[in-house]
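Trainee: Structure incoming, see below.
The values are calculated or read from the model by the stated rules, or taken from the named source; none is laboratory data. Because the structure is a prediction, the values reported are computed rather than measured. Quick reminder, even Gly has a Cβ in these numbers, built from the backbone with ideal geometry, and neighbours come from all protein chains shown.
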Amino acid sequence: MWLLCVDVYFWRIKMKKTLQQKTKIGCLGLALFALLSFSSQLSANTTNSIPFADSFEQYTENDSIIGTNGWIAPTNIYAVVTNMSYSYPNWPLGGEAHTKVVSLNTENSAITNVINKSLQPNIWIDTMVQFQQWSSDTLPTVTNDTEIQAAFFVDTNGHLVIYHTDGETSGWATPSNTFTTLDNPPLASNAWVRLTVKMDHESDGNGVGYFLVQLDGAAALTNALAYANPTNSIIAPGGPWFVCANFAPLNYNAHGISNISFSGTGYIDDFVVTNGQVQFATMWLIRAVAYPINGGAISLGNTTWVTNYADLTITNTPAAHWTNAYLVVSNIVDGVVQYGPAGTYPLTNITNNYNYTAVYAAIMATSNTPQWWLSQYVGASATNDSDALADLDNDGYPNWMEHMTSTDPNNTNSFFKIVDHYRQNGTNYVKWYSYGIDPQLPPFLVRKSAGLTSWQNADGTVWSGTGQVVTNRTYTNIWAEVNPASSNAMFYRLVATNAP
């Protein structure tokens, strides 16, 4: 669980896992105590002027960030760099590499980044966080820390909860600090989220501070207890500007942020504090897959993010014994499906998310026997009609038939036959072996007859390659007919085909 706190001197994020509620509340106090115990050390540590950023890419794995770039903590193990690559469309430090993150393990304490206190009216804190959900449905007790301006964490339903002042309820006489659950789309535990908070300490003439919060660059979150703008003294339902907690003790000389802290367990990345407008570039997700997966490759490597109006060309490379039949382009925004040329597909001025599927067709020898199957299971150079007609293991079944029945062309004992049939608890069972080496083959069909003169399809079908692995690369397939309509003796036979 992350809990972010903004105060006169501290900007905090706390993350907790599954602790008892009483322990969590205590952790807030312990974290406060630990942070205040550092106050005499602040001048002895490096301080950062706004704007400041730390991508953590300059560290190596298992390095501690404590003691560098203004980061302080009681012990180095509270913040350790970990190698991690993750997909995200728009990092705060978009031009940086993204292979390192900071693993937090503070529980009852915190790590703090020391910032030269700024009296500027607008300050943005922009960072990547991996939220952990609060482990209790009960909100934490309101803290008596009079320096906290705001706090954020995620509840058990994935909704963001903020700590602020309900000034209207208190009549503005004294701060009435409260936790408010926002109606944002649920955030998954362990999901990376870009968290952006804008602090405004100067636009109100009464010494009241305000803040707004954005997730993943979307519009600022709103609530009935928030203002339409910081200069309006009437609560406007649906506004984005929340009143800072503990606003009453504030004065113009105290406005600003001097420390930003994280506590709990989890990960952070791309930490930015700036007095310039935060930029959120529009990004589009392009997904690309090759079907079937052994038919070839696609140049995107599954997924990629592109900037707004970017150009992109996707290249398909069929594998040996495959041909690129066509490329399906599905716009997942408006549902339009297009068919592009084989090999490549250019897309210009991208303004939507897209799905690409490269569809490959196997090159066939006689009797619909795929060349790739002959090459892999009969011989590397066995790709022509004579190879399909040959009987590699001399079991009486030519290679093309071994393919069609999903048996092993290298094993004399692997051929298409029923190996067992029985009745148990009113159910008829049929058992045979097959090695499912071509998932594109249609399923087996089971047919039945009461007298071997007229056959009908039995209920249900059985796919090749299912069941339990046995010896000699074969698989056990068992088909069952539950409570057959007739109690008379019944004959069954298997049907295999390589027709679509």
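Trainee: Quick one: which strands (runs of 3 or more DSSP E) lie wholly within segment 56-151 and hold at least 3 residues that are at pLDDT 90 or above, under 20 Å from the mean Cα position of the chain (by Cα) and closer than 30 Å to G209 by Cβ? Step through it out loud before you land on a result.
Mentor: Details: elements: 79-83, 100-105, 111-114, 122-130.
Correct list: 122-130.
Trainee: Only one of these conditions is not met by N229: (1) part of a loop (DSSP other than H, G, I, E, B); (2) on the phi > 0 side of the Ramachandran plot; (3) modelled with pLDDT under 85. Which number is it?
Mentor: Checking N229 against (1) part of a loop (DSSP other than H, G, I, E, B); (2) on the phi > 0 side of the Ramachandran plot; (3) modelled with pLDDT under 85, the one that fails is (2).
Trainee: Looking at segment 92-106, is at least one residue buried (at least 19 other Cβ atoms within 10 Å of the Cβ), among the β-branched types (V, I, T) and in contact with a Gly (Cβ under 9 Å, 6 or more places away or on another chain)?
Mentor: Initial filter on segment 92-106 (buried (at least 19 other Cβ atoms within 10 Å of the Cβ)): 92-93, 98, 100-102, 104, 106.
From what is left, the residues that are among the β-branched types (V, I, T) are 101-102, 106.
Now drop any that are not in contact with a Gly (Cβ under 9 Å, 6 or more places away or on another chain), which leaves 106.
Yes, segment 92-106 contains a residue that is buried (at least 19 other Cβ atoms within 10 Å of the Cβ), among the β-branched types (V, I, T) and in contact with a Gly (Cβ under 9 Å, 6 or more places away or on another chain).
Trainee: Name the pairs: first residue in segment 337-358 and closer than 24 Å to N294 by Cα, second residue basic (K, R) and at pLDDT 70 or above, Cβ to Cβ under 8 Å, at least 6 apart or on different chains?
Mentor: Y354/R287; N355/R287; Y356/R287
Trainee: Residues G158, G171: which one is modelled with pLDDT of 70 or more, at positive phi and surrounded by fewer than 18 Cβ atoms within 10 Å (Cβ to Cβ)? Lay out the reasoning, then the answer.
Mentor: Details: G171 fails: modelled with pLDDT of 70 or more.
Of the residues listed, the single one that is modelled with pLDDT of 70 or more, at positive phi and surrounded by fewer than 18 Cβ atoms within 10 Å (Cβ to Cβ) is G158.
Trainee: What number of residues within segment 72-101 satisfy the criterion of being within 19 Å of D216 (Cα to Cα) and not β-branched (V, I, T)?
Mentor: 14
Trainee: Also: Among the residues of segment 289-310, what is the count of those that are under 25 Å from the mean Cα position of the chain (by Cα), assigned to a strand (DSSP E or B) and either in contact (Cβ under 8 Å) with a residue 24 or more places away in the chain or closer than 19 Å to N349 by Cα (or both)?
Mentor: Total satisfying the criteria: 10.
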